[in-house]
Structure formats: C-alpha cells, structure tokens
Amino acid sequence: ASAQYYDAGWQTIPGSTDASGTLVTGIPTTRGNLTFRMTYAHASTDMAQNVTSNPIVTFQTAHVTVELRDSAGNLMPDGEGTGAVQYYAGGWRDFGTTTGGQASKELLPLTYSFSMNYAFARQEKGGQNVAANPTVTFQTAHVTAELRDSAGNLMPDGAGTGAVQYYAGGWRTFGTTAGGQASKELLPLTYSFSMSYAFARQEKGGQNTATSPTVTFQTAHVTVELRDSGQPDAGRRGRGHSAVRGRLAHLRRDRGRAGQQELLPLTYSFSMSYAFARQEKGGQNTAASPTVTFQTAHVTVELRDSAGNLMPDGAGVGTVQYYAGGWRTFGATAGGQASRELLPLTYSFSMSYAFARQEKGGQNTATSPTVTFQTAHVTVELRDSAGNLMPDGAGTGTVQYYAGGWRDFGATAGGQASKELLPLTYSFSMSYAFARQEKGGQNTAASPTVTFQTAHVTVELRDSAGNLMPDGAGTGTVQYYAGGWRTFGATAGGQASKELLPLTYSFSMSYAFARQEKGGQNTATSPTVTFQTAHVTVELRDSAGNLMPDDTGTVQYYAGGWRTFGATAGGQASKELLPLTYSFSMNYAFARQEKGGQNVASTPTVTFQTANVIVELKDSAGALMPDSAGTGAVQYYAGGWRDFGVTVNGQASKELLPLTYSFAMNYAFARQQLNGQDVNANQTVAFQTGQVHSVSGTAVQYYAGGWRSFVQDMQLLPGMYTFRFNDGNPNQAVPISGGIANSIH
C-alpha cells in the first residue's frame, strides 16, 4: 500500500505501514483540511479530512468473495474444476483460484469488474460495488449436447457414440454421448460445438448456452445403392461395400435392397467396392440428397477369329481376367463371349487362349463396355532348299509354339499347318526328319507366316586322291545324329543327299566295315559333308628290310571283326580305308602276327618285318654238325608242324614273322622238340647232340622208331633210347644228354 496527500499537488507520505497497517508520519503543512489517497492492490480511493482536529486517517478494505456455482446453485467442487478469478484495477489483476468453489481477497471498497476463467472459457461481470455487495457470483449452465437420428430419436450406443467438443480458445473435450447425450457445466456464454460421429465431424457455431443450453445434432438417413445395368444378368451374384471416410457399411447386391447408415448431414465422398474394384463419388450433400446411387456397366469381352467371327467353343474357349488390385476372374467365353457386371471404371483385361495370354490396358467400360480380342491366322510353312512347300511324300513336319511351355500347333499337310492364335510374339519349333529347329520372337500380329526351310545336304565319300568313290570300289552308308543315329542314305557314285533342317549335326560314314564320325557340322553354312579315305599300304619285309618279293602274305584288318585286306604282291598290299585307327594282321608261312592301334590317317603304311631264324645242329663238342655226320630235318609249329628245312653243315635258315614258335629237329631217326622260343628276341635255335660210347663194345642197335644200327661213339639227340647188345646182356634203356659223352654197357 502507498499513501499520498494533496497540497498544491499530490505528495507522497514518507515511510511505510507497520505490521498493523499503520503509518505514523509528520506532514510539513499548515493547512488543516487535506485530501488523502490510499493505493492498494492496484486500486486507489480518496478521502478529505481535517488533520488538525483528527490526525488519524483511516482507510478500510472490503473482504470480497468470488463464488463459482453450478447450474443447481451449488459451490463448484474442486473435482469438477477450479476457476481462475481476475478483477479490473487499471488492468486485469489476479484475484485467485477457487477452492471449494470460492476465492477471497481484501480490496478497497470500490466498484470493480470481475472475470471467471473456467473450463477454458472466460466470463466477465462489470460494475459491482464491493462496499455494498462484497460477494460476486458466477453460475455455470448445464449444457447438454444431443445426437439424434433422422427420426428424431436419441442415438443408442449400439448405433455408435458421438464425441463432442466445444470451442473455448481452442477445441476442447466436452464428452462422449451415452444414450445419445453428453452434458457438461459451462460458463453461460456463446460457444461453437462439434459432433464427431461415424468418422465425420459437424460444427455448430454461436449457440448461447445461457438461453439455449441444449445443443442438438441430428443425423441424416443415408442410403447407398448398387444397381446393375438392367441388361440380362450374367448369372453372377456379388457383394459390394461402400466406404465412407474409412467406415465400411456392407451392402448386399440384391434388387430392391441397399446399404443404409445414419450419418451427420454433411457433404461426403463415397466409394463402392464391388468385384474387387472401387468407384468414388465426390461432394454429395447428404442433407439435401441422402441417396447415393452406384450403377454397374454390363461389360462383354469378345474373342473373335482372324475373319472377325466370334470364336466357336469347338475351336477353344478363352479365359478372361480383369485387373482390379490384382488379376481377377471375369469368366470363360461361351460362343466367343463372356459378360459381367462391373463398376463403370477403366480396367485392363486379359484373354487366355490356346495357352497364351494377351492384355489390353486402359479400357473405359463406362463409354466402351465391349472389349474385343481378335486372333491371328498363323501359318507355319516347311519349304525345301529350292523354296517349294515340302510334299507329304518327303515327310511331314510337326509344329509347336511356346506359350508357357511347348504346345502342339499341328502337323504340316502339303508343307503347311495353320492355327488361330492371339496376336503375340511366340517362339516356334519345327520337327522334321527327327531334328528340331526353333525360331524365337516372331510377332504374329505383324508377321503371321512362319517359314522353316530345309538345306540340301550332300555327304560325299572320296578316295585318297580326292575322287568320288565309284560304286565298284564299294558304297558308303551314311547316318546323321538327331536324337539318335538316323538313316541318311547310301552313296551312289560317291554321294548321298537329303533335305534336312539347317542345323548342326554329327554325321557318320560306314565303309569297308568301318565307321567314321564327324561332329558339329553346321549344314546352314556348310551343306556338303566330305569323308575321304586313306590309301593304306601293308608291307611285308624280310629281316634285311627288303620287300618280300617271292612269297605272299595274307593281310586282314579289324573293323567289327577281322576283314580281308588282300594278299601281298611284291611284298605289298593296298586298300582305301576310312582314316581311323585299325588293328592289322599278317599271315605268312602259316603264322599270324597282329599289330594294334595304327592310325592310318597319320601313318598309312603298315610294315610287318620277318626275322631270319637259324636252326643249328651241334655235336656234343659244340661244333656244327658236318653233313658227313648226317643232316637234320627241321620243323616249326604254326597251326601245325611245318617244314623249316634241312641243315647244311649243321644249319638251316628261314624268314619267319617275329613270334614265339616251337621247333623240332629230326636227326638219326630221332626227334627233339624245343618249345616257346621268341625269335624276335633270339633268332638262333640250337639243338646239341650227345656222344654215345659202349664200354663193352657190344652195343649193336638202338631204338628210334625202329631198331637202328649203332655205331660206336655216334652222336644222338638228347632223349631216352633203348640199346641192344650182342654179348647176351639184356636190352638197356638209357637217357642220352646233349653236350657230353654218354657211356652205356
């Protein structure tokens, strides 16, 4: 508080009040009558007093109470909210906050304006003289917000509750309806209210709750209809739903029935979801137009052939889909058509026919309800290398096309096969003569004729000189590989020809019992396949390396079996053979030698060379047996015992193939055999006799195929002999060894 007095202007009284509110001071004036001013709590009041007669000047405040009472007149309990009070004294000043519905303050006994802030709202009361009436009362109104349906009934909770707000410096929570009503104590002012129901929000502005404490929101009865086009029903029943700002009201698509819902009477956008599609309608004022109608279009999808005729079921049915958030089933064509009721929107359609699928995008069914797919008449031709259609007598082709897998197109007749297909890009294949050629990426819309042309493939058999092999020298049998070895033909005049698809093949030539393969020949770029024989020469040479002129050898080669090559003449035999690796055999002097694995492409000359085999007959001292002592007759075993020759001065020689033989020596009526001598490693075969001496001198005969005359100290081949004596001694069997002197009786 501060005090002043007026003396030629307002003068501040120095000092300050004590704890009792008393200020004792001296005033430097001679005047008795003065005007005093007390300023307290932002307010001031004046008083005139003669300080000469009464020096005590007293100002007394009023105990002002501000009440907040509810609509029933009860002080507002703190649980219902407190009020913030202000009073006006040169500006709005804080008075305090209600406790138990009241707030109090000492104020100078003047006339003030008061304000109450409660539930975010503020009410003012002006000109209350607190000297005469120190109690200031604010009383709230019991405000009720109602949500009523289109029939005027309070909305039951089962149909949904409403969320109410009121505007007081911002949108504030009023409450949620229960049984269609929500109530709240508010200062009796003018407010705007809002009702949120079924995800929509309606506002009402400027309602004076002092005079109209009931705020009513009434819904509209909104009906959403789904109607068909009125054309013959496609035989489908469906279910639709409408979406109203996120809330779904389910509708059954049934004549005479629709979806209904109570909504606040506002302007909404509506959507109808039917058959997986969604149509929107914007800006319908349900207060003025509460019925919303969606009508479907009768959409027909046609499948027509290349001549424009509807595709009969006998030529195949088409399966139709449309795109609505995904590919959906539309139906299958019957008589070339399929129909369905759809919301009149823009869709993409697809037709699946003959395993292929064509799409058409962006057709507005509201303006163009007929969607047409037309096939192309696709012809696949098989032509020969001259460009002529392949006659059936030369073989028919089997055609396939790729549509999610290889599909049957048909077999050619007169070189052609035809089929109605959706005008797309396909790969085609032609199977002919066991081979299969593919052509990829042909757009049948622009190019409906697909041509496969064979190549005229010629397989030649030429001799080592490059000449075509005459039939007199033998014909060749030709095969080609197409999933297996197939017959191509036999050469005539060295050639065989065939029409084949222009692919890469392996070929084989069978000639003179042998078979040669050639792999990976591209007949499109190289239609002539040449096999050339090698001029194979088989020689028979003696141990000195000379061609064997006098005797002949018989030659064979192995090609699936031993085949005749020929007999040597002047030591040689020749033959045209496919340039492969063969085994050869030489039959000479009753013996047979084989040579395996000779590649005649790189080494066309095959040489067999004999060994000079010497058979010796030596006496017991190791000396060659002179003819005067007798000659030996030699044999060797080659499929039987063969004559080798007779020794001359102890030796006999012969050219033989370098093999392992058994040899036999016939001498002095006896015979010795040596088995298994490899003359390739050791060409000398030695037989040695033993000397036989009769100690008694009475030996007269020995047995060798018969009784033979014995000569003292004669030479005999090793073996067991029986000897006869003339002194009465019995016959004696004695083994004779070679290379020593053997003694007998």
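Some values worked out for this structure:
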item	result
Strands (runs of 3 or more DSSP E) completely within the stretch 668-745 that count 1 or more residues being free of Cβ contacts under 8 Å to residues at least 12 places away in the same chain and of a type in the set (Ser, Thr, Tyr)	707-709
The stretch 489-513, subset outside any strand (DSSP E or B) and closer than 18 Å to residue 437 by Cβ, residue nearest to the chain's Cα centre (by Cα)	503
Members of the stretch 660-681 found to be crowded, with 18+ Cβ neighbours inside 10 Å and closer than 20 Å to residue 540 by Cβ, listed by number	661, 679
The stretch 64-93, subset buried (at least 17 other Cβ atoms within 10 Å of the Cβ) and in a loop (DSSP other than H, G, I, E, B), residue farthest from the chain's Cα centre (by Cα)	89
Given (1) touching a His at 6+ places or on another chain (Cβ under 9 Å); (2) surrounded by 12 or more Cβ atoms within 10 Å (Cβ to Cβ), number of the condition residue 61 does not satisfy	(1)
Residue match in the stretch 354-371 (condition: surrounded by 20 or more Cβ atoms within 10 Å (Cβ to Cβ), of a type in the set (Gly, Ala, Ser) and within 33 Å of the chain's Cα centre (by Cα))	yes
Which numbered condition residue 392 misses (of (1) surrounded by 15 or more Cβ atoms within 10 Å (Cβ to Cβ); (2) acidic (Asp, Glu); (3) under 30 Å from residue 433 (Cβ atoms))	(1)
Selection within the stretch 644-666 - in contact with a strand residue (DSSP E or B) (Cβ under 6 Å, 6 or more places away or on another chain), free of Cβ contacts under 8 Å to residues at least 60 places away in the same chain and assigned to a strand (DSSP E or B)	644, 645, 646, 651, 652, 653, 660, 662, 663, 664, 665, 666
Scope the stretch 550-577; condition free of Cβ contacts under 8 Å to residues at least 24 places away in the same chain, exposed (fewer than 13 other Cβ atoms within 10 Å of the Cβ) and more than 27 Å from residue 467 (Cβ to Cβ); matching residues	550
Selection count where residues are assigned to a loop (DSSP other than H, G, I, E, B), within 26 Å of residue 272 (Cβ to Cβ) and either among the small types (Gly, Ala, Ser) or modelled with pLDDT under 95 (or both), scope the stretch 294-342	3
Restricting the stretch 203-225 to residues that are surrounded by fewer than 20 Cβ atoms within 10 Å (Cβ to Cβ), part of a strand (DSSP E or B) and of a type in the set (Val, Ile, Thr), the residue that is nearest to the chain's Cα centre (by Cα)	223
Test result for residue 98, among the β-branched types (Val, Ile, Thr), out of contact with any His (no Cβ under 7 Å at 6 or more places or on another chain) and within 20 Å of residue 186 (Cα to Cα)	yes
The stretch 399-434, subset more than 30 Å from residue 308 (Cβ to Cβ) and not aliphatic (A, V, I, L, M), residue surrounded by the fewest Cβ atoms within 10 Å (Cβ to Cβ)	434
Residue match in the stretch 452-470 (condition: modelled with pLDDT of 95 or more, in a strand (DSSP E or B) and closer than 30 Å to residue 309 by Cα)	yes
Residue under evaluation residue 356, criteria (1) under 17 Å from residue 424 (Cα atoms); (2) small (Gly, Ala, Ser); (3) touching a helix residue (DSSP H, G or I) at 6+ places or on another chain (Cβ under 8 Å), criterion not met	(3)
Verdict on residue 486 being surrounded by fewer than 20 Cβ atoms within 10 Å (Cβ to Cβ), of a type outside the set (Gly, Ala, Ser) and under 21 Å from residue 561 (Cα atoms)	no
Enumerated strands (runs of 3 or more DSSP E) restricted to the stretch 514-592, each holding at least 1 residues that are hydroxyl-bearing (Ser, Thr, Tyr) and within 30 Å of residue 436 (Cβ to Cβ)	528-532
Residue 61, sole failed condition from (1) within 24 Å of residue 1 (Cβ to Cβ); (2) polar (S, T, N, Q); (3) free of Cβ contacts under 8 Å to residues at least 24 places away in the same chain	(3)
Out of 473, 492, sole residue that is surrounded by fewer than 18 Cβ atoms within 10 Å (Cβ to Cβ), more than 16 Å from residue 529 (Cβ to Cβ) and not polar (S, T, N, Q)	473
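The rows are residues; the columns are (1) modelled with pLDDT under 95; (2) under 30 Å from residue 744 (Cα atoms); (3) surrounded by fewer than 15 Cβ atoms within 10 Å (Cβ to Cβ).
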residue	(1), (2), (3)
612	no, no, yes
641	no, no, yes
649	no, yes, yes
652	no, no, no
695	no, yes, yes
705	no, yes, yes
708	no, yes, no
718	no, yes, no
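Per-residue answers, yes or no, for (1) surrounded by fewer than 18 Cβ atoms within 10 Å (Cβ to Cβ); (2) in contact (Cβ under 8 Å) with a residue 12 or more places away in the chain; (3) under 26 Å from residue 104 (Cβ atoms); (4) not assigned by TED's automatic domain parsing to the domain that holds residue 81:
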{"residue": "131", "(1), (2), (3), (4)": "yes, yes, yes, no"}
{"residue": "147", "(1), (2), (3), (4)": "no, yes, no, yes"}
{"residue": "157", "(1), (2), (3), (4)": "yes, yes, no, yes"}
{"residue": "171", "(1), (2), (3), (4)": "yes, yes, no, yes"}
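The values are calculated or read from the model by the stated rules, or taken from the named source; none is laboratory data. Remember, it's a predicted structure, so these values are computed and weren't measured experimentally. With ideal geometry, Cβ positions are generated from the backbone for all residues, glycine too; neighbour counts draw on all protein chains shown.
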